[in-house]
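The values are calculated or read from the model by the stated rules, or taken from the named source; none is laboratory data. In this text the structure is predicted, and so the values were computed from the model without any measurement. Backbone-built Cβ (ideal geometry, glycine too); neighbour counts: all protein chains shown.
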Amino acid sequence: MTLRKVLLGTTALLGVGTFYAGSVKAADLEVTTGGFLRFGVAGGDLDSALGTEDVRDYDFYTDNEIHFDAQATDDQTGITYGGKVELEADTNSGGIIVSSDDTTGNISDVSAGDQIDEAWLFMKGGFGELQLGDNDGATDQLKFGAYSIAAGTGGIDGDGPVATVPLYHTNTGDATKVTYFSPDLFGAKLGVSFTPDGGGRGSTIDTDTQGNTENVFEGAVQYDASFGGFDVALGATGIIGGSEAGGTDPEGYSVGAVTSIFGFSVAGQYFDNTNDDAFYDYGWNVGIGGTFGPADVSVNYGYADSGDDNEDLVFSATVGLLPGVALNGDVALFSTDTDDLDVGDLDDTGLTGVIRLDINL
């Protein structure tokens, strides 16, 4: 994209309010639906993986969402605008939110999540893209790691029991924020986000001091290049902010990459929570994946340091069964070790697995 096109797109954006104020109608937007339906079986050492005691060694679970996308493009300015709502369709109103103590890492609270997973509006054109609402920030959208090439339910970023170590530095999740992405320039894209309150979502005007993060800035850059048929994608992210009473300031960075070689995809990442009060200091992950016959397969390894070693090795596979239907599976070998935190012996190792049937809507 040339600099001239970027400038023209910016000029067009500034003129939208002047020429179209109050003229947009619902009929101007094309609304489509999508989402997914998922049914899974989890088994193995679930008490160790989930941090609970005396639990059954298997269970069924679901993960269902309905997505509504609204979009239109203005012929005069070339600006595309719209929004997206992701509705949780499970009976526990958006899953279970598990909160952990900042010092020990122990589970401190378990509660039902929101019925709406994410909801945001956007405008994009030659100037880049602006996102407003409850959505992942720039660091989450532009990061790379072993999970980027994982099969199954996501490898080390898969469904609960197989995802036992952190994947990257602290972030703001789906808290209400403003995010801007630059247009692609010579293969590079920049992203920045600002979140007033890490616990604020939806229509709530959250000005309390309940220990959430606040005034959080995220920055990220992603670069894609091809050298003689050799493709590589690089990502770097960073976050800095404050915290309310009793909270931990979010500070950290990550670097990651994805490439392909000899028919395989290879990815890796290093992350560091630079705040000394963070439960996990730093970590890294690597992965490799490929296609064998009807199956996509991958192996992910993740490590996180909390004063001691925490490791997760996940073998994953995905097989397409019918159009839009896939069978996914992960098997994880994990080890947790938190003796140095002086909170008792929390060491544990185990084996877990999940099998999940997906239908994409």
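For this structure, a couple of remarks:
A quick yes/no check of all residues on (1) over 23 Å from Ala267 (Cα atoms); (2) in a strand (DSSP E or B); (3) among the aliphatic types (A, V, I, L, M); (4) free of Cβ contacts under 8 Å to residues at least 12 places away in the same chain:
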| position | (1), (2), (3), (4) |
| --- | --- |
| Tyr147 | no, no, no, no |
| Lys177 | yes, yes, no, no |
| Gly200 | yes, no, no, no |
| Ala220 | no, yes, yes, no |
| Ala225 | no, yes, yes, no |
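- Filter pass, Thr349 being more than 23 Å from the chain's Cα centre (by Cα), modelled with pLDDT under 95 and assigned to a strand (DSSP E or B): yes
Let's see how each residue does on (1) buried (at least 19 other Cβ atoms within 10 Å of the Cβ); (2) more than 24 Å from Val165 (Cα to Cα):
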position	(1), (2)
Ser226	no, yes
Gly235	yes, no
Gly241	yes, no
Thr259	no, no
Gly263	no, yes
Phe271	yes, no
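- Residue in segment 177-190 that is closer than 30 Å to Gly350 by Cα and surrounded by fewer than 23 Cβ atoms within 10 Å (Cβ to Cβ) present: no
- Residue match in segment 16-36 (condition: in contact with a helix residue (DSSP H, G or I) (Cβ under 6 Å, 6 or more places away or on another chain), modelled with pLDDT of 95 or more, among the hydrophobic types (A, V, I, L, M, F, W, C) and closer than 25 Å to Trp120 by Cβ): no
- Selection status of Ala89, at pLDDT below 95, within 20 Å of Asp358 (Cα to Cα) and surrounded by 13 or more Cβ atoms within 10 Å (Cβ to Cβ): yes
- Residue, modelled with the lowest pLDDT, within segment 213-257, restricted to residues that are of a type in the set (D, E, K, R) and within 20 Å of Tyr168 (Cα to Cα): Asp249
- For Tyr58: the one exception among (1) surrounded by fewer than 14 Cβ atoms within 10 Å (Cβ to Cβ); (2) of a type outside the set (A, V, I, L, M); (3) modelled with pLDDT of 95 or more: (3)
- Of all residues in segment 299-325, those being among the small types (Gly, Ala, Ser) and under 21 Å from Leu357 (Cα atoms) number 4.
- For Gly128: the one exception among (1) more than 29 Å from Phe264 (Cα to Cα); (2) under 13 Å from the mean Cα position of the chain (by Cα): (2)
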